[in-house]
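Peer 1: Would you mind keeping the following structure in view while I ask a few things?
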Amino acid sequence: MEHLTVTAAQRCVLETIKLLGTENVKLEQALGCVLAGDICANRDIPPYDVSAMDGYAVRSSDLANAPVSLVIIEDIKAGDMPTRTIHAGQCARIMTGAPMPEGADAVIRVEDTQAVSAGALSPNSLPKIPSPQSSPASGRGSEREKQLLIPAGERDAVSLRELIVNAVQINRAAKAGNDVRALGESMRNGEAVLAAGTEITPGVIGVLATVKCAHVQVYRRPRVAILSTGNELEDMDEPVDPNKIPNSNSYALMAQVQALGIEPALLGIARDDPAELAEYLQRGLKFDVLLVSGGTSVGVHDYVRPTIEALGVQMHFWRVAMKPGHPVAFGSTAGAFVFGLPGNPVSSMVCFEQFVAPALRRMMGHARTYRRTISARLTHDVKHQAGRTEFIRVTLSNGSGGYTASATGSQGSGMLLSMARADGLLVVPADCNGLTAGSTVTVQLLDGTVFQDDVGFKE
Ligand code: AMP
Ligand code: MG
């Protein structure tokens, strides 16, 4: 069978795998999935003009000669509806998110106001207040409010004190609309706010909650099974035997799958015996995706490939020009996709990143299937023999000149700590004859959930 490059093998995987069907999930379970349909707003948000600040709802035309003192005629909390109209010389204390009262067209935040001091206040400096007869609210107000509506010339010392408590000095002018969130500014009733194909991030969850989608139609997550193979393996629940190799691949692969928002099934360890292996593989082929670790190489006891072929799996490739990860295999049946991953712990994880993660993401409907790549400067030389694309585990530092990349120590494919310490995988192109310190390289980021729609490197 043909010996593919990494990108050709990735293309083969992505062309072979199919998008899964859709399902209706609770909003609480939708994070990381992809929307299967458009989502429309079911109301205007905000439903009316509201204040964007804690402050005072004012008539902007009153503020032309700021600073100016205004009489506070109402206190509007978020959740309250205003009951009074703001006339010239008046304002309302208003909280963030509370509806704007009739007559007001701007909000001045608390920080741009101050209490009205008694010394600064004389009857003539007080705000011009409409006479009680002309104020539509005059008949309904409290005793105190009625006092406040007494024309300026008739105020006595008592009403002056009342006025000080119920007035505020606005220190600046403002245009109409200042710190007001307009009706429908965030979304309009009926507007398509999220398109099919959108990845459900925490921000998208917020929008879905805003439009009251308690359930949402998404592409279903693949059901993934993980099988390790090898007589030498010792599983987590077995006593420590110095002659055995701890099974780390099942758990590292489990975590890689979980990081994509999928809960895999662990099938355990199959021994290097064709009959036992066939039994385990048959169980695994009932899932959408089966990951088999180990036994894919050319050793006489590497039974995985012949056994899966005997079970009717059509192999699409076996062996890719990469390091680590050379003996990776990919096949499919009518209902399942099988990845044969190399047993070496680093190889298994690197192959998962290159082939399995993009496949799982595509099955879930994601357009962005590849790990995000960035450019970094190498801090040291890297030896490389042309022929295979190499993935070197690196740490990244972000300095004034951008990112720098440094290898995480010894790079053997069994050195799992090199992976555990890595921020990313440096991609050494196949045709490269070594890299020198200071050269610019491409690094695939391993952390986070950010993916891109292009592989991001050339081989
Ligand atoms: P194989 O691909 O089966 O030839 O295995 C290659 C190397 O990977 C051998 O040293 C195995 O012991 C090791 N290995 C295989 N499977 C696992 C596993 N599940 N966990 C840790 N190491 C493994
Ligand atoms: Mg083996």
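The values are calculated or read from the model by the stated rules, or taken from the named source; none is laboratory data. Keep in mind it's a predicted model, so treat the numbers as computed, not measured. Counting neighbours? That spans all protein chains shown, and the Cβs are built from the backbone with ideal geometry, glycine included. Side chains included, ligands, DNA and RNA excluded: accessible areas come from the protein's heavy atoms. Shrake-Rupley method; radii C 1.70, N 1.55, O 1.52, S 1.80 Å.
Peer 1: Does GLY335 satisfy the condition of being open to solvent by less than 10 Å² (accessible area, probe 1.4 Å), in the same structural domain as ASP302 (by TED's automatic domain parsing), touching an Asp or Glu at 6+ places or on another chain (Cβ under 8 Å) and not hydrophobic (A, V, I, L, M, F, W, C)?
Peer 2: Criteria not met by GLY335.
Peer 1: Which residue out of ALA386, ALA405, ALA422 is surrounded by 16 or more Cβ atoms within 10 Å (Cβ to Cβ) and farther than 30 Å from PRO222 by Cβ?
Peer 2: Within the list ALA386, ALA405, ALA422, the selection yields ALA405.
Okay, residues lined up against (1) touching an Asp or Glu at 6+ places or on another chain (Cβ under 6 Å); (2) closer than 21 Å to GLY331 by Cα; (3) of a type in the set (Gly, Ala, Ser):
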{"site": "ASN243", "(1), (2), (3)": "no, no, no"}
{"site": "SER248", "(1), (2), (3)": "no, no, yes"}
{"site": "TYR251", "(1), (2), (3)": "no, no, no"}
{"site": "GLU279", "(1), (2), (3)": "no, yes, no"}
{"site": "VAL292", "(1), (2), (3)": "no, yes, no"}
{"site": "PRO306", "(1), (2), (3)": "no, yes, no"}
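Peer 1: Next question. Please state which one of SER418, SER410, SER348 is within 16 Å of ligand 2 (Cβ to nearest atom) and touching a helix residue (DSSP H, G or I) at 6+ places or on another chain (Cβ under 9 Å).
Peer 2: On inspection, the qualifying residue turns out to be SER348.
Peer 1: Follow-up. So, ARG319, is that one under 16 Å from GLN10 (Cβ atoms), of a type outside the set (Gly, Ala, Ser) and over 33 Å from the mean Cα position of the chain (by Cα) or not?
Peer 2: Answer is yes for this residue.
Peer 1: Among the helices (runs of 4 or more DSSP H) confined wholly to the range 201-298, which include 1 or more residues that are within 11 Å of ligand 1 (Cβ to nearest atom)?
Peer 2: Counting at least 1 such residues, we get 249-258.
Peer 1: Report yes if GLN147 is modelled with pLDDT under 95 and not aromatic (Phe, Trp, Tyr), otherwise no.
Peer 2: Against the criterion (modelled with pLDDT under 95 and not aromatic (Phe, Trp, Tyr)), GLN147 qualifies.
Peer 1: Residue check, LEU4 against (1) buried (at least 16 other Cβ atoms within 10 Å of the Cβ); (2) more than 30 Å from PRO327 (Cβ to Cβ); (3) over 25 Å from the mean Cα position of the chain (by Cα), all met but one. Which one?
Peer 2: Of the numbered conditions (1) buried (at least 16 other Cβ atoms within 10 Å of the Cβ); (2) more than 30 Å from PRO327 (Cβ to Cβ); (3) over 25 Å from the mean Cα position of the chain (by Cα), the odd one out for LEU4 is (2).
Every residue, every condition in (1) within 18 Å of the chain's Cα centre (by Cα); (2) open to solvent by 30 Å² or more (accessible area, probe 1.4 Å), yes or no:
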position: GLU185; (1), (2): no, yes
position: GLU191; (1), (2): no, yes
position: HIS215; (1), (2): no, yes
position: TYR219; (1), (2): yes, yes
position: PRO222; (1), (2): no, no
position: ASN231; (1), (2): no, yes
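Peer 1: Moving to a separate point now. Name the residue that is surrounded by the most Cβ atoms within 10 Å (Cβ to Cβ), counting only residues in the range 304-327 that are more than 10 Å from ligand 1 (Cβ to nearest atom) and in a loop (DSSP other than H, G, I, E, B).
Peer 2: Once the filter is applied, the top-ranked residue is GLY325.
Peer 1: Report whether or not CYS12 is surrounded by fewer than 20 Cβ atoms within 10 Å (Cβ to Cβ) and closer than 24 Å to GLY335 by Cβ.
Peer 2: Judged against the criteria, CYS12 is a match.
Peer 1: Somewhere in the range 443-458, is a residue among the basic types (Lys, Arg) and closer than 25 Å to ALA321 by Cβ?
Peer 2: yes
Listed here are the residues, each with its yes/no results for (1) in the same structural domain as ALA422 (by TED's automatic domain parsing); (2) within 15 Å of ligand 2 (Cβ to nearest atom); (3) under 30 Å from SER397 (Cβ atoms); (4) β-branched (Val, Ile, Thr).
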site	(1), (2), (3), (4)
LEU267	no, no, no, no
ASP273	no, yes, no, no
LEU277	no, yes, no, no
PHE287	no, no, no, no
GLY294	no, yes, no, no
ARG305	no, yes, no, no
ARG319	no, no, no, no
PHE352	no, no, yes, no
